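Accompanying notes for the structure given below.
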């Protein structure tokens, strides 16, 4: 087989359509064109074609990963889940699913390009989420994102994200002041404790914040 035409795609000039023996064969990214020297006149044997098709599939999926990451950073598990979902959708349409080999190649390339870094993801997630919830909730979210216990423990041991936990609880409780300010101390304490613990604060943190709040509000001595 011979490459007879290489043309940029209309919707994405960084991707190219490759024609073999006068017929459209597949689309590739610019890196693959350069790495495989896909120029007009190049002869491609069947064994090389199989490898190029796999690399082309990886490149196409990487474009989708870039789009996904442009919305927000993702953990490795989230990227894997995305690929599984994309593969399942292909099956529903009767198309060839994404092979495990291709999925692993995408993950490996994303890691090499530092698009996937679970430690950095976990730090950024914890930094953002700890402003509106307790550390227990943040840890639970990190585990759900597939972050390993070693990374979560490292963040927990650093104590960085727990230093302002009491201030966060105070700020959240202050927002409830208009709703609960007229309540008796006992009822206020129950509602406030339930609320803060649902937000992921440990009981000791919730109790301390509530005690300070009630004293400040002169509901208890």
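The values are calculated or read from the model by the stated rules, or taken from the named source; none is laboratory data. Small disclaimer: the values here were computed from a predicted structure and weren't measured. Counting neighbours? That spans all protein chains shown, and the Cβs are built from the backbone with ideal geometry, glycine included.
What the table shows:
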read-out: So residue 63, is it touching a residue at least 40 places away in the same chain (Cβ under 8 Å) and exposed (fewer than 11 other Cβ atoms within 10 Å of the Cβ); value: no
read-out: Filter result for residue 82 (free of Cβ contacts under 8 Å to residues at least 60 places away in the same chain and touching a helix residue (DSSP H, G or I) at 6+ places or on another chain (Cβ under 7 Å)); value: yes
read-out: Unmet criterion (only one of (1) over 24 Å from residue 117 (Cα atoms); (2) not in a helix (DSSP H, G or I)) for residue 160; value: (1)
read-out: Within the range 99-139, tally of residues that are surrounded by 14 or more Cβ atoms within 10 Å (Cβ to Cβ) and part of a helix (DSSP H, G or I); value: 20
read-out: Residues within the range 16-26 that are touching a helix residue (DSSP H, G or I) at 6+ places or on another chain (Cβ under 9 Å) and either at pLDDT 90 or above or over 16 Å from residue 61 (Cα atoms) (or both), tallied; value: 4
read-out: Top-ranked residue in the range 175-190 [being in contact (Cβ under 8 Å) with a residue 12 or more places away in the chain and part of a helix (DSSP H, G or I); ranked as farthest from residue 134 (Cα to Cα)]; value: 185
read-out: Unmet requirement for residue 147, which otherwise passes all of (1) in contact with a helix residue (DSSP H, G or I) (Cβ under 7 Å, 6 or more places away or on another chain); (2) more than 14 Å from residue 213 (Cβ to Cβ); (3) surrounded by fewer than 18 Cβ atoms within 10 Å (Cβ to Cβ); value: (3)
